[in-house]
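Here the structure is laid out as structure tokens; the discussion comes afterwards.
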Amino acid sequence: MKPVIAVSGLRKTYGSGETAVHALRGVDLRVWPGEYVAIMGASGSGKSTLLNMLGCLDTPTSGRYLLDGFSVADLNERQLALLRNRKIGFIFQSFNLVPRTSALSNVELPMVYSGLKRGERRRRALAALEMVGLTDRAKHLPNELSGGQQQRVAVARALVGGPALLLADEPTGNLDHASTVDVLGVFDRLNALGRTVVVITHEDEVAHHARRVVRVSDGRIVSDEVRTGVVA
Ligand code: ADP
Ligand code: MG
């Protein structure tokens, strides 16, 4: 089995000289298929920077990153965009749904340029909505859905291409408690079905669902523990 994520010696420095910010100071991390990992840390510890590197949204200052076996540094812009689209499903704090278009259309969106036929896109989008428990809301507009339901649509959209990795940055940051429980339930279910999930969070409640908790402080991993007595 090969790791979904394999980073070593990952560093990221913003700026240079006296004003340089060392956001990542040498991170080594492996995530295996089927894992459910929470990356935790205080504000400013480097979590989003790490997510940007893992998600190929930004390039590290130095270090090595293999995403599902592919060396990210060796790819050009176009190859990187392709790899990112194929391998990673992103979930952010803001749901970023397209307003005035149905949940179903939102989930179909990533497949528009995939070359798949319309009927197949629809079939896959409906299957993804079913996985997040929203079959009966497929025709609804985002503003007709609760925050938790909107985030579940965003999860379905992230899932629909069959990515190797679901990467979420503070996915429950905008949600009330009931919706948080709802969305975490979806992550639990997806992980139980074999999906690899990496969630960046500062909330204990979120981390309690993960099977492994990686703590980041001042740009370094300070602990990496497999949890026992997991909720899910
Ligand atoms: P977290 O997500 O854990 O709150 P970040 O990764 O956003 O932490 O930030 C880590 C450090 O890097 C902070 O000191 C932050 O101010 C700094 N930082 C983040 N992004 C940039 C940027 N684009 N330019 C300069 N400094 C940045
Ligand atoms: Mg952040």
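Within this structure, Leu57 passes the test of being within 25 Å of Gln93 (Cα to Cα), surrounded by fewer than 22 Cβ atoms within 10 Å (Cβ to Cβ) and either more than 16 Å from ligand 2 (Cβ to nearest atom) or within 16 Å of the chain's Cα centre (by Cα) (or both).
Do we find that Glu35 is among the acidic types (Asp, Glu) and over 18 Å from the mean Cα position of the chain (by Cα) in this structure?
no
Assess whether Gly161 counts as being buried (at least 16 other Cβ atoms within 10 Å of the Cβ), without any contact (Cβ under 8 Å) to a residue 24 or more places away in the chain and within 21 Å of Val37 (Cβ to Cβ).
On the way: buried (at least 16 other Cβ atoms within 10 Å of the Cβ): yes; without any contact (Cβ under 8 Å) to a residue 24 or more places away in the chain: no; within 21 Å of Val37 (Cβ to Cβ): yes.
In short, no.
Residue pairs whose Cβ atoms lie under 7 Å apart, sitting 6 or more positions apart in sequence or on different chains, and linking a residue in region 22-51 that is closer than 23 Å to Arg227 by Cβ and near ligand 2 (Cβ under 9 Å from one of its atoms) to a partner that is of a type in the set (Phe, Trp, Tyr) and not in a loop (DSSP other than H, G, I, E, B), do not occur here. Among the conditions (1) modelled with pLDDT under 95; (2) over 16 Å from Leu165 (Cβ atoms), Leu80 misses just one, which is (2). The single condition among (1) within 16 Å of ligand 2 (Cβ to nearest atom); (2) surrounded by fewer than 19 Cβ atoms within 10 Å (Cβ to Cβ); (3) under 21 Å from Ala158 (Cβ atoms) that Leu83 does not meet is (1).
Counting only helices (runs of 4 or more DSSP H) that sit wholly inside region 7-108, those with at least 3 residues that are within 16 Å of ligand 1 (Cβ to nearest atom) and under 26 Å from Glu203 (Cα atoms) are 47-54.
In region 176-206, which residue that is within 16 Å of ligand 2 (Cβ to nearest atom) and farther than 19 Å from Ile5 by Cα is surrounded by the most Cβ atoms within 10 Å (Cβ to Cβ)?
Keep residues of region 176-206 that are within 16 Å of ligand 2 (Cβ to nearest atom), which gives 198-203, 206.
Filter once more, keeping what is farther than 19 Å from Ile5 by Cα: 202-203, 206.
Numbers: His202: 16, Glu203: 16, Val206: 22.
Restricting to residues being within 16 Å of ligand 2 (Cβ to nearest atom) and farther than 19 Å from Ile5 by Cα, the top hit is Val206.
So the check is Cβ under 9 Å with 6+ separation or different chains; which pairs have a first residue in region 69-90 that's on the phi > 0 side of the Ramachandran plot and a second one that's at pLDDT 90 or above and in a strand (DSSP E or B)? Going by the 9 Å Cβ cut-off, the qualifying pairs are Gly69/Ala6.
The values are calculated or read from the model by the stated rules, or taken from the named source; none is laboratory data. Bear in mind that the values here come from a model prediction, so they are computed numbers and not experimental data. Every residue, glycine among them, receives a Cβ derived from its backbone with ideal geometry; neighbour counts consider all protein chains shown.
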